[in-house]
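Undergrad: I'd like to ask some things about the structure below.
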Amino acid sequence: MGYVLYAGAVAHDITPTVQDAFAAPVVAALHRRTISLLSAAQILSGLAAGAVVSVGSLMAVSLTGSSAWAGSVSTASTLGAALSSLVLARLAASRGRRISLVTGLGLASLGATSVVLSSVWSSFVLLLLGGAFMGVGNAVNLQARFAATDLSTVRTRARDLALVVWMSTAGAVTGPNLIRLGAPLSRLTGLPELGAVFLFPLAGMFGAMLVMWLGLRPDPLLTSRALLGDADVGEPRTHVPISMAFTTLRRHPVALAALSGILVAHAVMVAVMSMTPVHMAGYGASISLVGLTVSLHIAGMYALSPVMGLLADRLGAAAVLVGGLGTIVVASVLAGLGGDSTTTVTVGLILLGLGWSAATVAGSSIIAATVTGVERVAVQGLSDSLMSLAGAGGGALAGVVLAATGYSGLSAAGGALAAAGIVAYWILSRLRVVAGEVP
């Protein structure tokens, strides 16, 4: 009931229009505090993502004795994110963002604990289970970007979303570098070196959980519903079937078009990015150069996301989304033509990250703007789930395509898919709803 009382207090200071309600000083102050809390949580929980990819793969090889299992922890994490995104969305629709985000971070903390214990007990199964639960933390990070828009005005929606995405940079870059602290922490705690590294993600996710639990009051999603004052929107739903998301997308072709752009951008980014280290190692690039290329790619993904948000607010999210997909086409061609040139491949990877950033930020803001009410949360959950699955599919198929056609063939396929994504967006965004159905 706290969000109802808060919204009631706001009502004395605003005019009846929705935009005036969201622009009221007391709501604007709550929104700024929400953005700050979400940003802090992103920094803390973001440590896990980098650690899973880098340290998790080393643990898998160590426990199994085979490099064939190197990607197993990342795969488990991706699947965990895909499955939990839908569950967390249903929880947000019924109980609000705070309960949903705290629950997800709590499960992710248990996952990190499981990873630490797997190193102590030399259990590969426990490692995979821990990776899957840590994937729930990735689902939380994805939902956080939508939570940033719950109280946004039309003029700042993309910017607010992009700012929270940007805060993932610190954790994503820092996570892989925590491995150097494994040895001293192992001596201090008596834990195996690689397992000791996961104490940092565990502490980060637990800290993020406390930030959300203590600070995210009143709940931004429930406050937003109360401010809208619509009976169909204001009442929380205890059951939000996934079919609601699909039905809603059929009624909102623009949101469907935006989702298609997000999925294409993510699939191509993961496919090309995941195979670039293999390609570079194949022509003799040093490990340090491979690491630098990946780091610059990650910087391209996150560092300029606030700029992408500002451009989406000022130029229009549709233009930025299409521009992002176009940038991915250019990046794929450049990377594919790079051959043995580390400089050319690196520039291509940076552009790939920038294109992903533009498409993801703009596409997500379109979904947040187009779909309202409890349906909006359902569509957001479906978007996050499909985004994780698209990444998993892109990564899985990339190895097959690389073996069959080489890196240039993989890059060409990625560029063609991104170009097809532009065409798909153009077609889907121009569909019209007739009698509740898309013809």
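The values are calculated or read from the model by the stated rules, or taken from the named source; none is laboratory data. Quantities reported herein were computed from a predicted structural model and do not represent experimental measurements. Note: ideal-geometry Cβ built from the backbone for every residue, glycine included; neighbour counts use all protein chains shown.
Undergrad: Which of the numbered conditions does residue 175 fail, given that it passes all the others? Conditions: (1) farther than 30 Å from residue 417 by Cβ; (2) within 23 Å of the chain's Cα centre (by Cα); (3) at pLDDT below 90.
TA: (1)
Undergrad: Tell me the residue from 348, 316, 326, 339 that is modelled with pLDDT under 90, out of contact with any strand residue (DSSP E or B) (no Cβ under 6 Å at 6 or more places or on another chain) and not aliphatic (A, V, I, L, M), please. Can you show your working first?
TA: Numbers: 348 fails: modelled with pLDDT under 90; 316 fails: modelled with pLDDT under 90; 326 fails: modelled with pLDDT under 90.
Step by step, each of 348, 316, 326, 339 is checked, and only 339 is modelled with pLDDT under 90, out of contact with any strand residue (DSSP E or B) (no Cβ under 6 Å at 6 or more places or on another chain) and not aliphatic (A, V, I, L, M).
Undergrad: Would you kindly identify the helices (runs of 4 or more DSSP H) lying entirely within the stretch 1-94 that contain at least 3 residues that are modelled with pLDDT of 65 or more, surrounded by 16 or more Cβ atoms within 10 Å (Cβ to Cβ) and not assigned by TED's automatic domain parsing to the domain that holds residue 385? Can you show your working first?
TA: Details: elements: 2-11, 18-23, 25-45, 47-64.
Where helices (runs of 4 or more DSSP H) fall fully within the stretch 1-94 and carry at least 3 residues being modelled with pLDDT of 65 or more, surrounded by 16 or more Cβ atoms within 10 Å (Cβ to Cβ) and not assigned by TED's automatic domain parsing to the domain that holds residue 385, they are 25-45, 47-64.
Condition check ((1) buried (at least 24 other Cβ atoms within 10 Å of the Cβ); (2) touching a His at 6+ places or on another chain (Cβ under 6 Å); (3) within 14 Å of residue 263 (Cβ to Cβ)) across all residues:
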| position | (1), (2), (3) |
| --- | --- |
| 328 | yes, no, yes |
| 356 | yes, no, yes |
| 360 | yes, no, yes |
| 383 | yes, no, yes |
| 399 | no, no, no |
| 415 | no, no, no |
| 422 | no, no, yes |
| 427 | no, no, no |
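Undergrad: Cβ-Cβ distance below 6 Å, separation of 6 or more or different chains: which pairs start in the stretch 306-322 with a residue that is surrounded by fewer than 24 Cβ atoms within 10 Å (Cβ to Cβ) and end on one that is modelled with pLDDT of 95 or more?
TA: Short answer, once both residue conditions are applied: 311/320; 322/422.
Undergrad: Here is a follow-up. Does the stretch 190-199 contain at least one residue that is part of a helix (DSSP H, G or I), modelled with pLDDT under 85 and not charged (D, E, K, R)?
TA: yes
Undergrad: Additional query: Taking the stretch 118-137, which residues are touching a Gly at 6+ places or on another chain (Cβ under 8 Å) and farther than 24 Å from residue 88 by Cβ? Walk me through how you get there before you give the answer.
TA: Step one: list which residues in the stretch 118-137 are touching a Gly at 6+ places or on another chain (Cβ under 8 Å), which gives 118-120, 127, 129-137.
Passing the criteria: 118, 119, 120.
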